[in-house]
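Coordinate-derived values only; no laboratory data. Source: prediction; values computed, not measured. When we count neighbours, we look across all protein chains shown, and the Cβ atoms used for this are built from the backbone with ideal geometry, even at glycine.
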Amino acid sequence: MRKFLSGIVVGVIIVSGCFAVDSVITKTSHPIYVNGNQVAFDAYNIDGYNYFKLKDLGKALDFNVLWNESEQKVLIDTTKPYEEQGITEEQEVNETKEKIIKVPQSAESFCPPVGTVIEAERFADGKFTGEKTTFTITKAKPAEPELPQPTCDWTQFPELEFPEAVVKDFGNGRTSILNLHETKRMQLELYNLIGSNPATWENGTIAKYKGGTDKVKVSFEILGEPQMMWPYRASEIKKVFDSCPCRTWRVIAYDSYKDGRFLHTVYYLE
């Protein structure tokens with residue numbers, strides 16, 4: 001806790017002077033740009049305000065920041081470029097661990113900036129091995145578009161539980177992140193298609209067979225060999241859907257990376 005406070009206290013003084021003991025402190029989720037380039041900061045949100053470590057600001061804006069251990073002083077020199085202060089191997093390991101993040105388990109868009117260190121798990125022979133790994137973003141994914149808006153009553157569909165946003169490390173620098181935001185895009189796209197097709201939508205709800213079961217369902221569990229596409233094409237999903245609307249549709253999306261460079265999002269439809 002002492003280390004945490006020493007890292008942010010100067011930023012707190014600059015912005016607001018102080019903060020309450022019961023302040024809400026979380027990692028900031030706001031994208032940060034320096035001269036038009038997005039930069040990964042170890043920043044914190046305290047009661048709605050963003051705070052930064054001085055050494056991170058010095059590195060990004062190129063001014064020198066030093067810690068004088070004997071006098072317990074922070075030294076700032078704007079006339080000199082940023083210079084990394086020597087740290088012990090243990091401190092370096094601890095700082096690396098602090099920077100590692102886990103992929104959020106929500107359908108909000110997740111576009112980690114360059115420099116973000118992400119926790120992954122080795123994936124081989126079709127299964128996870130249990131070995132934890134990390135990779136660093138070297139090329140960021142562009143912003144994702146907003147999700148579709150409803151053209152039918154989405155409350156008629158059963159509530160689905162989203163899968164875990166796993167991060168697979170295939171080795172040789174290849175990794176993939178299950179993209180819940182784009183998986184949800186495919187789900188909602190199908191909902192609108194179901195609602196606009198008379199074979200799957202009757203009297204304001206999902207069409208049913210005589211036995212009472214729904215004629216169409218949507219699932220996130222891929223069982224066989226799905227169709228793949230990138231980039232995203234709503235027209236392609238409609239074309240496949242219209243070919244055989246009454247069935248269980250299975251969707252999932254993954255972001256592909258190579259040596260930390262974002263390549264593309266792959267969309268799976270079965």
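Within the listed set E189, E202, E159, the Gaussian network model of the chain (springs between alpha-carbon atoms below 10 Å) gives the highest mean-square fluctuation for E159. Taking the stretch 136-245 as the region of interest, the number of lysine pairs whose Cα atoms are within less than 18 Å, with members eight or more places apart or on different chains, is 9.
Only helical runs count toward this figure. For the chain, summing -39,500 (n - 2.57) over DSSP H runs of n ≥ 4 and dividing by all residues gives -7000 deg cm²/dmol at 222 nm.
Positive end of the dipole of the chain (Cβ unit charges, origin at the Cα centre): among T200, A234, N37, the Cα lying farthest that way belongs to T200.
Relative contact order of the chain, taken over Cα pairs closer than 8 Å and 6 or more residues apart, is 13 percent.
The label point for V114 and the one for C244, both projected 7 Å from the Cα toward the Cβ, are 4.6 nm apart. Couplings 3J(HN,Hα) for the stretch 57-69, derived from phi with the Karplus relation 6.51 cos²θ - 1.76 cosθ + 1.60 (θ = phi - 60°), are 5, x, 5, 6, 9, 6, 10, 8, 10, 10, 10, 8, 5 Hz, where x marks Gly and Pro. Overall form of the chain: prolate. Here a/c, set by the Cα gyration tensor axes a ≥ b ≥ c, is 1.5 or more, and a/b is the larger of a/b and b/c. Springs join every pair of Cα atoms under 10 Å in this Gaussian network model of the chain, and among T151, T79, T134 the largest mean-square fluctuation is at T79. Residue separation of M228 and L160 scaled by 0.36 nm, minus their Cα-Cα distance, works out to 22.3 nm of gained length.
Of the residues L57, Y268, G115, the one whose Cα sits farthest toward the positive end of the charge dipole of the chain, with +1 on the Cβ of Lys and Arg and -1 on the Cβ of Asp and Glu, is Y268. Per residue, the average separation of C-alpha pairs within less than 8 Å and at least 6 apart gives the stretch 118-209 a relative contact order of 28 percent.
The charge dipole of the chain, taken about the Cα centre with unit charges on the Cβ atoms of Lys, Arg (+1) and Asp, Glu (-1), comes to about 700 debye, rounded to the nearest 20. With all projection directions averaged, the alpha carbon convex hull of the stretch 116-248 covers 10.3 nm². Legend: ranking of residues L61, L54 from fewest to most surrounding C-beta atoms inside 10 Å; resulting order L61, L54.
Looking only at Y232, Y49, Y191, which one moves most when the chain is put into a Gaussian network model with springs between Cα atoms under 10 Å? Largest GNM mean-square fluctuation: Y49.
Each part reduced to its alpha carbon centroid, the stretch 30-48 and the stretch 112-166 end up 21 Å apart.
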